[in-house]
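Engineer: Quick one: the structure is below, and I'll ask about it shortly.
The values are calculated or read from the model by the stated rules, or taken from the named source; none is laboratory data. Predicted model only: the values in this text are computed from it and were never measured. Note that each Cβ is placed from the backbone with ideal geometry, even for glycine, and that neighbours are counted across all protein chains shown. Side chains included, ligands, DNA and RNA excluded: accessible areas come from the protein's heavy atoms. Shrake-Rupley method; radii C 1.70, N 1.55, O 1.52, S 1.80 Å.
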Amino acid sequence: MRPTHFFKQNGTGYLFLAPWIIGILAFTLIPVFASLYISFSKYEMFGSPVWIGLDNYKEILTGDEQFAKSLGVTFKYVLLGVPLELAFALLIAMMLHKGIRGLRLYRAIYYVPSLFGGSVAISLLWRQLFGAQGLVNQFLAMFGIQGISWIATPETALYTIILLKVWQFGSPMIIFLAGLQQIPNDLYESASIDGAGRWAKFAKVTIPLLTPIIFFNMIMQIISAFQAFTPAYVISGGSGGPLNSTLFYTLYLYQKGFVSFQMGYASALAWILLIIIAAFTTLAFLTSKKWVHYEK
Amino acid sequence: MNRTKTAGTAFIRHLINIAVSIAMIYPLLWMFSSSFKLPQNIFTDKGLWSSAFTMDNYILGWKGLSGASFALFFRNSFFVSGMSIVGNLISCSMAAYAFARLSFKFKAPLFGLMLLTMMLPHHVTIIPQYVIFNKLGWVNTYLPLIVPKFTATEGFFIFLMIQFMRNIPQELDQAATVDGCGQVQIYWRLILPLALPALVTAAIFTFIWTWNDFFSQMLYLSKIKNYTVSLGLRTFLDASGESNWGRLFAMSTLSLVPVFAIFIFFQKFLIEGITAGGVKG
C-alpha cells in the first residue's frame, strides 16, 4: 500500500488520535523503556547512566532493610485498608439501598471524605486529630483514658493512615449502590417464597450478584492503595517516621529518586512495584474465576 | 403489626445512619470551627462551639509565608487546574471520537494499548519524565503539569467519553454527512454537544484531582512564587509549626472550598461519573 493511499483511508482517524499518539510516545512508552534501562544503571541525574547490570536489584533484594520495611508497611496498608474500606462501603450501601428517606443527603455526606481525602489539608487535619493533644485524645479523656500521640508512636502511626483510607469509603460505596439497584427484585421475591430469611438472601442473592462489582472495586482500590503517597508524606513530614513505621513504598522511592538522586536505584524500585502490582492483579483475576459470577 | 415492624427498622436504620454520618463529618466540622477559635482555645474548648470567636486566623493566615500570600497560591492552583481541564477536554475527546466513531487501521491494538497504559503505575515513568522535563528546562514551570494533559494522558477520561459517544445513534453522522459535513464538523458540531454530560464529568474530576494533587506539584515546582495551594499549605506547616494550628486550619478550610463548591453544584455528574466508571468499566 502506498503511503498516500494509507493516509486517505485512515487519515481522519489518525488526525484525531494525534495528541494521544504524541502523548503515549513521549510520556509513556519512551519513559517506560528509559526507566527499564535506567534501572540497570547507576544514574545520579548529572552525567549519563552507567550500566551496572543487575546490581540495583541485587542490592534492593538482599541488602536493603529500608526496602523490606517499606514493602511491609505498604502490604499492611493494602491488605488491611482495602478489605476494611470495601466492607464498610458495602455495609453502608446495603443500609442506604432499601429506599431510605434522605438517601441523597446521606450519600452526599458519606462521599465528602472521598472528595477531600487525597488533599494536603486533610492530611494536616489527621496529623492534628491523632496528635498528643488531638481530638481523638480529647474524646478518650471523656472516658478517663489517657491517650498517646498516635502519629508519633511507631506501633500506631500506620493505623491512623489506614483509618484515613477507610474514612474515604464513599467512592466504592456509590459503585456498590449502583450495583445493588441492578439486582432484579423478583430474585428476592422468589427467595422469599423459598423461605429465605434476611441473611440467606444476602448470602445467596446479594453477594453472588454483586461479585463482579466487588471484584472491580477491589482491583481499583488495590492498584491505588499501592501508590498511596500524600498522607504518608504529610503526616510523617516526609520522613516516613517514626522509626520508618509509615515509610510507604512510594515514599521510599521518592526519597531515593528525588532526595538522594539515586535515580537508577529508584527506577529499579519502580519496576519491582510494577511487578508486585501486576502479580496482585493477576492473582485476583485468576482466583476471580472461583468466586466472581457473571450473568450468563 | 408488620407496619410497626417496618417503621421500627426504618427508624433504627436512620439512627445508625445519623450516627455514622456525624462520625464521618465531625473531623471536618471540627476543623472548620477551630479555624475561628483563638489558638489557645483550640485544644481547650470542648466541642464545636468557640468560647471566643475570631477572624484572625484567616486574616493572618492569608498573608502566607515569605511574602507569598495564599491569594497567589490560589491563583496558581486555579491556573494549573483550568489549563488541565482545557487540555483533557480537547485531547481526550479527540481520542475518544476516533476510538468510538471512526474506523482506521490498527484501531484494535491501539485501543488495547490505551487500556494497558491505564493500569501502569505512575512511578514507572516518573523518573524518565522528570529527566526529560529537566533537559527541556521545564522544571520550575507549570509546563510539566499542563502539557501532558493536552496529549490525552489520562486514559480514564478517554474511556468515559468512548462509553458515552458509542451510545449516540450512528444515523446522526450519516445525516450530517449527507448534509455535507466533514468529520471535523461532525465531531465539533454534533458529537461534542451531545457528549456534554461526559465532558462535564471529565472536567469536574480533572479539577478535583488537579486541585488535590500534591506529588507532581511538589516534584516540579520549587519556587515559592509558583506554589499551588497544596504546596503552600505544606510549607506553611513547616514555617509556622504546630503551634499555629488556627491559621493552618483556616487555610486548610479555604483550600477545600472550591472542591466543595463543585461538589454541591455538580453532584449529579460526579455520581454518574463514578457509577459509569464502575458499572460499565
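Engineer: Within a Cβ distance under 14 Å of A:Thr160, other residues only, what is the Lys/Arg minus Asp/Glu net charge? Don't jump to the answer; show the numbers that get you there.
Structural biologist: Working: positive: A:Lys76, A:Arg127, A:Lys165; negative: A:Glu155.
Result for the neighbourhood of A:Thr160: +2.
Engineer: Something else now. With all protein chains present, how much of the accessible area of chain A (probe radius 1.4 Å) comes from carbon and sulfur, to the nearest whole percent? Don't skip to the answer; put the middle values down first.
Structural biologist: Details: 9260 of 13960 Å².
On chain A, the fraction of accessible area on carbon and sulfur atoms equals 66 percent.
Engineer: What residues in the range A:3-25 lose 50 Å² or more of accessible surface when the other protein chains are added to their chain alone (1.4 Å probe)?
Structural biologist: Going by heavy-atom accessible area, the residues of the range A:3-25 that drop by at least 50 Å² are A:Tyr14, A:Phe16, A:Leu17, A:Pro19, A:Trp20.
Engineer: If I stretch the segment between A:Phe261 and A:Arg101 completely, what's the gain in nm (0.36 nm per residue apart, minus their alpha carbon distance), one decimal? Can you show the working numbers first?
Structural biologist: Working: separation 160, 0.36 × 160 = 57.60 nm, distance 5.57 nm.
In short, 52.0 nm is gained.
Engineer: Once both axes come from the Cα atoms, what is the angle between helix B:122-135 and the longest principal axis of chain B, in degrees from 0 to 90, rounded to 10?
Structural biologist: Helix B:122-135 and the main axis of chain B meet at about 90 degrees.
Engineer: Let me ask something else about it. Based on the Kirkwood radius over alpha-carbon pairs, what is the Stokes-Einstein translational diffusion coefficient of the range B:106-245 at 4 °C with 1.567 mPa s viscosity, in µm²/s? Please list the in-between numbers first.
Structural biologist: Working: Rh = 18.4 Å.
Calculated translational D: 70 µm²/s.
Engineer: Between chains B and A, what is the buried accessible area in Å², counting both sides, with a 1.4 Å probe and ligands, DNA and RNA left out, to the nearest 100? Before the final figure, lay out each step's value.
Structural biologist: Values: alone 16710 and 17890 Å², together 26800 Å².
The contact between A and B buries close to 7800 Å².
Engineer: Simple spin-label model, 7 Å along Cα-to-Cβ: B:Ser222 to A:Phe46 in nm?
Structural biologist: About 1.2 nm, to one decimal.
Engineer: Checking the cross-link filter: which lysines have an alpha carbon closer than 19 Å to that of B:Lys37, excluding same-chain neighbours under 8 positions apart?
Structural biologist: Cα-Cα hits under 19 Å: B:Lys46, B:Lys63.
Engineer: Further question: Compute the accessible area per residue over the protein assembly as shown, keeping the other protein chains in place, probe 1.4 Å, unit Å². Before the final figure, lay out each step's value.
Structural biologist: On the way: 26800 Å² over 577 residues.
I get 46 Å² per residue for this part.
Engineer: Oh, and also: Let me know the longest stretch in chain A that avoids all chymotrypsin sites (Phe, Trp or Tyr not before Pro) found in a DSSP loop with at most 14 other C-beta atoms within 10 Å. List each step's numbers first, then the result.
Structural biologist: Details: sites that count: A:Phe143, A:Phe261, A:Tyr294.
Counting at most 14 other Cβ atoms within 10 Å as exposed, the longest clean stretch of chain A is A:1-142.
Engineer: Quick one: net charge of A:Gly237's neighbours, Cβ under 13 Å, K/R +1, D/E -1? Numbers along the way, then the final one.
Structural biologist: Numbers: positive: A:Arg127, B:Arg234; negative: B:Asp238, B:Glu242.
Net charge around A:Gly237: 0.
Engineer: Roughly how many percent of the accessible protein surface of chain B is carbon and sulfur, given a 1.4 Å probe and a whole-percent answer? Walk me through the numbers before you get to the answer.
Structural biologist: Working: 8870 of 12830 Å².
Ligands and nucleic acids excluded, carbon and sulfur give 69 percent.
Engineer: Looking only at Cα atoms, what is the convex hull volume of the range A:149-222 per residue, in Å³? Spell out each step's value before the answer.
Structural biologist: Numbers: hull volume 8.2 nm³, N = 74.
Once divided by residue count, the hull of the range A:149-222 is 110 Å³.
Engineer: Using Cα pairs closer than 8 Å and at least 6 residues apart in sequence, work out the relative contact order for the range A:6-155, in percent.
Structural biologist: 8 percent
Engineer: Is there a simple number for the mean count of other chain Cβ atoms within 10 Å of the Cβ of residues in B:58-70, and what is it? Before the final figure, lay out the partial values.
Structural biologist: On the way: counts 0, 0, 0, 0, 0, 0, 0, 0, 0, 0, 0, 0, 0.
For peptide B:58-70, the averaged partner shielding equals 0.
Engineer: So what is the 222 nm mean residue ellipticity for chain B from helices alone, if each DSSP H run of at least 4 adds -39500 (n - 2.57) and you divide by all residues, rounding to the nearest 500 deg cm²/dmol? Could you put the intermediate results ahead of the total?
Structural biologist: Details: 12 runs with 193 residues, N = 281.
One gets -23000 deg cm²/dmol as the mean residue ellipticity at 222 nm.
Engineer: For every helix of n ≥ 4 consecutive DSSP H residues, a contribution of -39,500 (n - 2.57) applies; sum these over chain A, divide by its total residues, and give [θ] at 222 nm rounded to the nearest 500 deg cm²/dmol.
Structural biologist: After summing the helix terms and dividing by the residues of chain A, the value is -21000 deg cm²/dmol.
Engineer: Specify whether the C-alpha gyration tensor of chain B places it in the rounded, prolate or oblate class, a ≥ b ≥ c being the square roots of the eigenvalues: rounded for a/c under 1.5, otherwise prolate if a/b is larger than b/c and oblate if not.
Structural biologist: Values: a/c = 2.55, a/b = 1.35, b/c = 1.88.
It is oblate, given that a/c is not under 1.5 and a/b is not larger than b/c.
Engineer: Tally Lys/Arg at +1 and Asp/Glu at -1 over every other residue whose Cβ is under 14 Å from the Cβ of B:Ser255; what's the total? Before the final figure, lay out each step's value.
Structural biologist: Working: positive: B:Arg75, B:Arg234, B:Arg247; negative: B:Asp213.
Net local charge, B:Ser255 excluded: +2.
Engineer: Round to a whole angstrom and tell me the spacing of the C-alpha centers of the range A:27-56 and the range A:243-293.
Structural biologist: The range A:27-56 and the range A:243-293 have Cα centres separated by 18 Å.
Engineer: Moving on. Over the whole of A:225-232, what's the average partner chain Cβ count within 10 Å per residue? Rounded to a whole number, please.
Structural biologist: Numbers: counts 0, 2, 4, 0, 5, 7, 1, 0.
Mean number of neighbouring Cβ atoms from other chains: 2.
Engineer: Here is a follow-up. At a threshold of 8 angstrom on Cα-Cα distance, excluding pairs fewer than six apart, so keeping six or more, what relative contact order does chain B reach in percent?
Structural biologist: Numbers: 256 pairs, mean separation 85.3, N = 281.
In percent, rounded to a whole number, it is 30.
Engineer: Okay, next question. Rounded, prolate or oblate: pick one for the range B:1-85, where a ≥ b ≥ c are the square roots of the eigenvalues of its C-alpha gyration tensor, a/c under 1.5 means rounded, and failing that, prolate if a/b is larger than b/c, else oblate.
Structural biologist: oblate
Engineer: Taking Cα atoms of chain A, Rg/Rh with Kirkwood Rh, to two decimals? Present the calculation step by step, with values, prior to reporting the outcome.
Structural biologist: Details: Rg = 24.1 Å, Rh = 22.7 Å.
Ratio of gyration radius to Kirkwood radius for chain A: 1.06.
Engineer: Calculate the spin-label point distance for A:Ala200 paired with A:Ile21, positioning each point 7 Å from the Cα along the beta-carbon direction, and give it in nanometres.
Structural biologist: With each label placed 7 Å out from Cα toward Cβ, I get 6.1 nm.
Engineer: Given a Förster radius of 25 Å and the C-beta distance between B:Met119 and A:Ile30 as r, what FRET efficiency does 1/(1 + (r/R0)^6) yield to the nearest 0.05?
Structural biologist: Step by step, r from the Cβ atoms, then E = 0.85.
Engineer: Something else now. Report the Cα-based extents of the protein assembly as shown along its three principal axes, largest first, to the nearest Å.
Structural biologist: Rounded to whole Å, the extents work out to 83, 73, 50 Å.
Engineer: Moving on. Within 10 Å of each Cβ of B:260-267, how many other protein chain Cβ atoms are there on average?
Structural biologist: On the way: counts 3, 0, 1, 5, 1, 0, 0, 4.
Going residue by residue through B:260-267 and averaging, the value is 2.
Engineer: Separate question: Going by a ≥ b ≥ c, the root eigenvalues of the Cα gyration tensor, does the range A:1-91 fall in the rounded group (a/c under 1.5), the prolate group (a/b larger than b/c) or the oblate group?
Structural biologist: Oblate, because a/c is 1.5 or more while a/b does not exceed b/c.
Engineer: Let me ask another. Could you name the aspartates and glutamates in cross-link range of A:Lys256, using Cα to Cα under 17 Å and dropping any fewer than eight places away on the same chain?
Structural biologist: Within the straight-line cut-off, A:Lys256 pairs with A:Glu44, A:Asp55, A:Glu59, A:Asp64, A:Glu65.
Engineer: So how far apart, in nm, are the two label points at B:Ser50 and A:Ile183 if each is 7 Å from Cα heading toward Cβ?
Structural biologist: Taking the two extended label points, one gets 4.7 nm.
Engineer: Under a point-charge model restricted to the Cβ atoms of Lys and Arg (+1) and Asp and Glu (-1), what is the dipole moment magnitude of the range B:169-259 relative to its Cα centre, in debye to the nearest 20? Please report the intermediate quantities before stating the final value.
Structural biologist: Values: 5 positive and 6 negative charges, 98 e Å.
Computed about the Cα centre, the dipole is about 460 debye.
Engineer: May I ask you to list the residues of the range B:143-169 whose amide nitrogen lies under 19 Å from a point 7 Å from Cα along the Cα→beta-carbon direction of B:Val86?
Structural biologist: Counting only backbone N, you get B:143-154.
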